[in-house]
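The values are calculated or read from the model by the stated rules, or taken from the named source; none is laboratory data. Predicted, not measured: the structure shown is a model, and the values here were computed from it. In this analysis, Cβ positions are derived from the backbone assuming ideal geometry, glycine residues included, and neighbour counts consider all displayed protein chains.
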């Protein structure tokens, strides 16, 4: 099973729209992180939420973010991180986006 | 501003660590919803989440976890034409009239 | 089929929103069964299931990790397959993450409160609270401090936000002084909170004093 991104790839999270259902929280939108692993392919909750099948299944990645990249005022240690599962269509290679 | 349910990173106060036992009606809602999803295929989990997320912000904040599940289940069943509001209200009157649930 | 219930219900005079929704949920249950869409026995089976799940299941898996390194590696690589070895029926994708001397893990679902019930029982009320869902990702050390846990500055605090299909569970560190004990004895040290990540496991002394390993 392969997806677009390999483990270690640097990715930037896209911004969401104001409509629909999706599982990409605002706090990671626009942020840059690194891919930990590809979980596999799963039905898309964005269409399932409105009664559709969610097919075809979409690649889902475990992505890690440094806390200091997420919050301007993070009070913890520099190694601290957040790990979250994101679908491939929410990610772009970091160099393709304006930072 | 993030959507109603999108809470990660919002300012918030201390966490109430008290244990609260799940009430029987809450377990029954859990069971009814899970049965609706996995046995009957009436709804799916993503629809449930979406219906919870559509709850108005003020209500979302003050309602309990399983109260939100109840609202979401009802909304979805009405949307899908499985039950009507009139049927629900008639059932509520019947429950009240009997003074017990049986 | 007759249906009997032992539900709490709002009195007819109740007008508090809380009671009203509880009663509404009962109405939905009755309607769905009366319409033949749901089987009362199926609902009852799930009520029984949720009444019987507990952290003891996860504690057993953690204890096996402590005594069997190869099992732990299998669990970290594929938690569903490894948990099945312990007769744990894992119904959704599970990921186990290990606390070490370099990493302390914490689990949250900021969007809705997803939780591995089948492995560690019902979630505590605080896990589902707006406060935990808000602060666990942005102030995990503050949250841990509230729970009485201070993590060293040179240990990474890693927060897993369960945003998709995967459910996460923490494999806490084996407590000092627990050498030579059986898996069953070790499982008694593993609490629900240690598998969420807001606490360490009990020490042998604490386990001996504790009235319940599930606190």
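Looking only at the range A:1-41, count how many residues are on the phi > 0 side of the Ramachandran plot and out of contact with any strand residue (DSSP E or B) (no Cβ under 8 Å at 6 or more places or on another chain).
1
What tally of residues in the range C:58-87 results from selecting those that are away from every other protein chain (no Cβ under 14 Å) and buried (at least 21 other Cβ atoms within 10 Å of the Cβ)? Don't jump to the end; show me each part of the working.
Keep residues of the range C:58-87 that are away from every other protein chain (no Cβ under 14 Å), which gives C:58-75, C:82-87.
Subset that is buried (at least 21 other Cβ atoms within 10 Å of the Cβ): C:58-59, C:61-63, C:65-66, C:75, C:82-83.
Going through the range C:58-87 one residue at a time, the tally reaches 10.
List the strands (runs of 3 or more DSSP E) that sit entirely inside the range C:102-193 and contain at least 1 residues that are facing another protein chain (nearest Cβ under 7 Å) and over 19 Å from residue C:55 (Cβ atoms).
C:156-161
Tell me, please, whether a residue that is at pLDDT 95 or above, assigned to a strand (DSSP E or B) and either under 30 Å from residue B:55 (Cβ atoms) or within 15 Å of the chain's Cα centre (by Cα) (or both) can be found in the range C:83-93.
No, because not a single residue in the range C:83-93 is at pLDDT 95 or above, assigned to a strand (DSSP E or B) and either under 30 Å from residue B:55 (Cβ atoms) or within 15 Å of the chain's Cα centre (by Cα) (or both).
Please count how many residues of the range A:29-49 are touching a helix residue (DSSP H, G or I) at 6+ places or on another chain (Cβ under 7 Å), within 14 Å of chain B (Cβ to nearest Cβ) and either surrounded by fewer than 17 Cβ atoms within 10 Å (Cβ to Cβ) or under 14 Å from residue A:91 (Cα atoms) (or both).
Selection size over the range A:29-49: 1.
Could you tell me which of the residues C:157, C:190 is under 16 Å from the mean Cα position of the chain (by Cα) and crowded, with 20+ Cβ neighbours inside 10 Å?
C:190
Examine the range B:10-28 for a residue that is in contact (Cβ under 8 Å) with a residue 40 or more places away in the chain and either more than 7 Å from every other protein chain (Cβ to nearest Cβ) or within 18 Å of residue A:25 (Cα to Cα) (or both), and state whether such a residue exists.
Yes, the range B:10-28 contains a residue that is in contact (Cβ under 8 Å) with a residue 40 or more places away in the chain and either more than 7 Å from every other protein chain (Cβ to nearest Cβ) or within 18 Å of residue A:25 (Cα to Cα) (or both).
Specify the residue that is nearest to residue B:69 (Cα to Cα); the eligible residues are those in the range B:29-44 that are within 7 Å of chain C (Cβ to nearest Cβ) and outside any helix (DSSP H, G or I).
Ranking the candidates gives B:42 first.
Can you go through B:61, B:94, B:18, B:86 and tell me which one is over 17 Å from the mean Cα position of the chain (by Cα), loosely packed, with under 12 Cβ neighbours inside 10 Å and not in a loop (DSSP other than H, G, I, E, B)?
None of the other options fit; the residue is B:86.
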